1. Please state the relative contact order of the chain as a whole percent: Cα pairs under 8 Å, 6+ residues apart?
2. Testing the spin-label approximation: label points 7 Å from Cα along Cα→Cβ at residue 168 and residue 125. State their distance in nm.
3. Which of 139, 50, 225 moves the most in a Gaussian network model of the chain with Cα springs under 10 Å?
4. Could you give the length gained on full extension between residue 95 and residue 199, defined as 0.36 nm per residue of separation minus the Cα-Cα distance, in nm?
5. Rounded to the nearest 0.05, what FRET efficiency do residue 246 and residue 111 give with R0 = 45 Å and r taken as the Cβ-Cβ distance? Could you check?
6. Just to be sure I understand the model, the point goes 7 Å from the Cα along the line to the Cβ. What's the resulting residue 144 to residue 175 distance in nm?
7. Restricting to the chain, what percent of DSSP beta bridges are antiparallel, rounded to 5?
8. Residue 224 to residue 63: extension gain in nm, 0.36 nm per residue of separation minus the Cα-Cα distance?
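Each reported figure results from applying straightforward, stated rules to the coordinates on display, with no laboratory input. Predicted model only: the values in this text are computed from it and were never measured. Every residue, glycine as well, gets a Cβ built from its backbone with ideal geometry; the counts of neighbours run over all protein chains shown.
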Ligand code: GLU
């Protein structure tokens, strides 16, 4: 018997900026099955930090689609937009440690700064590495920019952060039935990533790390598309003294998933399928969760 407070904690964490599609269904069902197998709890977190793209109607649709799919979660839903104070606190801590700095640059200014530089490095999202323009600004220069009405994002100084003493940063990876393996984190692949946006006092990376810790998440199961993000998440966890969950980066849906359900199955929304008469049982069977 696992004591209640030692039960593994998993989460499904969709962003309400569109309707759930088969790829989300796969991730939700994967989490639900893993929670069942581990005797754990499954939490639902709504990642709605983006004020422009997040819509209440998408959140309502997420809850409805998950119920239709038969995915049940434990406890209240955590909505990130209601917890900006938690992320701000984490940012302040990193600022106090001298490993983040305000960056006033626009995308255009960054593009201009690196123009003509061949083979300029890019992060896993395809964005150019930040060239460091604002890194060495004096307090006076910063004040001048603020006074002229410019907003600042907060960037992590990845070189300084990596100098903060851990011998080795890595994580334990489980991958769909394979033996667990140790993976080395390589946060420097992100350059000086934004961890606080200009419009909200966090970024996806910081909010996820803070929430996973506050919610006691022990097992993060999410798509392979976020594998590289885990390197940065491990660095932030280390800097903020947060525990490291285990990670399971599951496959992404492509031709071998949902083939019978639709032609471009992985981008088909669950409500489209429902309207076409596809049942939740069909979806579960097709994705291998019958
Ligand atoms: N909110 C992210 C998404 O919808 C998932 C984040 C995560 O699982 O860490 O892609």
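1. Rounded, it is 23 percent for the chain.
2. In this crude label model, residue 168 to residue 125 measures out at 3.0 nm.
3. Top of the fluctuation ranking is 139.
4. Length difference between fully extended and current span is 35.7 nm.
5. The value I calculate is 0.70.
6. With each label placed 7 Å out from Cα toward Cβ, I get 5.0 nm.
7. Once the DSSP bridges in the chain are tallied, antiparallel ones form about 45 percent.
8. Fully extending the segment from residue 224 to residue 63 adds 55.6 nm.
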